[in-house]
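Notes for the one structure printed next.
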Amino acid sequence: MIRIIAEAGVNHNGSLEMAKRLVDAAAEAGADYVKFQTFKAENLVTGKASKAEYQKKNTGESEESQLAMLRKLELSERDHRELKDYCQKKGIKFLSTPFDLESIEFLHSLGLDLWKIPSGEITNYPYLRKIAGYNEEVVMSTGMCSPEDVDAALQALAENGQDIGKVTLLHCNTQYPTPMCDVNLLAMNSLRKYVRNVGFSDHTAGIEVPVAAAALGASVIEKHFTLSRDLPGPDHKASLEPDELKAMIRAIRNIEVALGSSEKGVTPSEAGNKEIARKSIVASRMIKKGEILGEDNMTAKRPGAGISPMRWKDIEGTAAIRDFDIDEMIEI
């Protein structure tokens, strides 16, 4: 079954109540997980780090530092505990991406057994070493990565105790929103040379690409969502609204069922249509007993209750066993 992660991220704008509303929306949409982000702003960025261009554009504050922006988007440890309990009540799994070593330790104390490594931390050796030490399930995004980056990250995890069989790699493009020409969705398949399970973390503006990822065999799909794209903040503009999230999940679940198995065969739903849609060998005109059967007196017409036209060569050249009226099914 495809695991769908509804990425709330920092779209709570630092508000626990808004975070709970995001949990409500993700649960109602049918997501498996709702994911937040755990960090201490001072542990994540320096005071001089500037915001990304999309963050400047989306927040409308080009002079604000990344540190100042992130401080407003933190959730406290108490908020995390309350959110985890709230998720349990709502029947959806709580997940959060840590962005520093202290946050990794805190999330471990919450009893989480699934780790989401974001694209920005895939070159952070101490971070990878810390998570590998738990040897629990890992989902790792590969945005901004070359094959060498992926190799190095997996090696760092493995040499520090991580069972690579527990790692799922997500193809990802780290631009918000990602232009369609840069999605390169087929690159998801190239990740299969590293691990058995691959998936997709999507930053495009719509829902069609994650649905296509499901058709390509993604085992995990992650997508940002928000309560409204009109809200202030860095990630709202590149996120789905609740109704869109619901539509995406419904489409993915439909694709998941539609993929079926690799075996070709007659399905129960179509079996009853075989006789209606297929044809039988019938008389194209009046035929007298003993007359030689061939193209001048036989044709193929629906329904398929008689002799299949695939047996044409068996019938052609034989003598009619009796008289046949026009459109009557040939018997032998």
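Each principal axis of the Cα cloud of the range 186-249 was evaluated for its coordinate range; sorted largest first, these ranges are 41, 22, 14 Å. Taking all protein chains together and a 1.4 Å probe, the residues ILE255, ILE5, ILE307 rank ILE255, ILE307, ILE5 from largest to smallest accessible area.
May I ask you to derive the relative contact order of the range 185-233, considering only C-alpha pairs under 8 Å and at least 6 residues apart, and to give it as an integer percent? This gives 35 percent for the range 185-233. For the chain, the relative contact order works out to 15 percent when only alpha carbon pairs closer than 8 Å and six or more residues apart are counted. Rg/Rh for the chain stands at 1.27; both radii use Cα atoms, and Rh follows the Kirkwood definition.
As a length-normalised measure over Cα pairs under 8 Å and 6 or more apart, the relative contact order of the range 251-332 settles at 34 percent. Only the Cβ atoms of Lys and Arg (+1) and of Asp and Glu (-1) were treated as charged; on that basis the dipole of the chain about its Cα centre amounts to roughly 420 debye. Pairs over the 21 Å Cα-Cα cut-off, from the set LYS20/LYS84; LYS130/LYS223; LYS48/LYS130; LYS84/LYS116; LYS51/LYS72; LYS93/LYS237: LYS130/LYS223; LYS48/LYS130; LYS93/LYS237. For the range 220-310, the orientation-averaged shadow of the C-alpha convex hull comes to 11.2 nm² (one quarter of the hull surface). In this structure the amide hydrogen of ASN173, modeled in the peptide plane, comes within under 5 Å of the amide hydrogens of HIS203, none closer than 5 places in sequence on its chain.
Bridgeable lysines around LYS264 (alpha carbons under 20 Å apart, same-chain partners fewer than 8 residues away excluded): LYS274. Taking all protein chains together and a 1.4 Å probe, the residues ARG253, ARG21 rank ARG21, ARG253 from largest to smallest accessible area.
DSSP beta bridges confined to the chain are antiparallel in about 20 percent of cases.
For the peptides 93-106, 144-157, 289-302, residues were scored by their other Cβ atoms within 10 Å and the scores averaged per peptide; the highest-first order is 93-106, 144-157, 289-302.
May I ask for the net charge around ARG253, where only other residues with Cβ less than 13 Å from the Cβ of ARG253 are counted and Lys, Arg are +1 while Asp, Glu are -1? Result for the neighbourhood of ARG253: +1. Here the peptides 83-92, 30-39, 260-269 are ranked by packing, the mean other Cβ count within 10 Å, and the order with the highest first is 30-39, 83-92, 260-269.
The values are calculated or read from the model by the stated rules, or taken from the named source; none is laboratory data. Every value quoted in this text rests on a predicted model; they were computed, and no experiment measured them. Cβ coordinates were reconstructed from backbone atoms using ideal geometry, including for glycine residues, and neighbour counts include every protein chain displayed. Heads up: the accessible areas ignore ligands, DNA and RNA and are worked out on the full protein's heavy atoms, side chains in. Shrake-Rupley method; radii C 1.70, N 1.55, O 1.52, S 1.80 Å.
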